[in-house]
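Read the structure below first, then the notes.
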Amino acid sequence: MDAVSIMNGEAPMNARSKLPVYITGLTDNPAVFNYIVSFYYKITSPGIFNAGIVSASLGMLAVIGMYFLLRLLFGINTALAVSLLFAVMKWHVVFSRTVYHAGFSILLLILTLYYAHRVYINRKTGDFLVFAAAFSMSLYTFQAARAIPFAIAACLVFAALKDFDFINLKCRPAGAPPTQKAFTRALKPKFSTGSITKK
């Protein structure tokens, strides 16, 4: 109903405007998901089946995103195994089939984690822009997503304590590829200074 109202240029029930950021009442959540559904409605037609296509598509994209995130962190074998498990988990299947706006927040959370790690490793402007977009939009998908800024802040503090080179942007350990080495260095305690190679 909310998506149809937005598509028709009308204010959804319990919304303060025709283009709401947040909808109270029965929805009681941010409205971003409704904009995506209304956009698809304009291409096709309103209906629960088409809304289900949107929800299922976002769920499949979340599985693909999970694969690339885990591949970046742990390699192909782990990524394939966990992504397949993630794809058939009951809660994820339910979120994808029931046109539930929280399903969209899962995709954005995965994108936020993936590009946050790429920023941590590669420090490229493009990665940072995608991270910022996914991170910002995630806050407007589901109420629980408001905890994400605190999680990102905790990761920054952890990185500063365990891997201060991330802050001064000057050094990385020699040997293994930078992605793998920087991740493992951040997780393991530093009992020795190790070998450092300047860029």
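Tabulated data for the structure shown
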{"read-out": "Residues MET13, MET66 arranged by fewest to most Cβ contacts within 10 Å", "value": "MET13, MET66"}
{"read-out": "Sum of side-chain charges, ILE110 neighbourhood, beta-carbon under 13 Å (Lys, Arg +1; Asp, Glu -1)", "value": "+2"}
{"read-out": "Pair GLU10, ALA147: separation of 7 Å Cα→Cβ label points (nm)", "value": "3.7"}
{"read-out": "Dimensionless Rg/Rh of segment 1-154 - Kirkwood Rh, Rg from C-alpha atoms", "value": "1.00"}
{"read-out": "Segment 139-153-segment 69-94 distance, computed between alpha-carbon centres (Å)", "value": "22"}
{"read-out": "In segment 1-66, trypsin sites (Lys or Arg not before Pro) in a DSSP loop with at most 14 other beta-carbon atoms within 10 Å", "value": "ARG16, LYS18"}
{"read-out": "Additional length obtainable on full extension of the chain from ALA102 to LEU129, 0.36 nm per residue less Cα span", "value": "7.4 nm"}
{"read-out": "Separation in nanometres of the label points that stand 7 Å from Cα toward Cβ, at ASN122 and SER57", "value": "2.6"}
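Since every read-out is calculated from the coordinates, none of them should be taken as a lab result. In this text the structure is predicted, and so the values were computed from the model without any measurement. Neighbour counts are summed over all protein chains in view; Cβ atoms, including those assigned to glycine, are modelled from backbone coordinates with ideal geometry.
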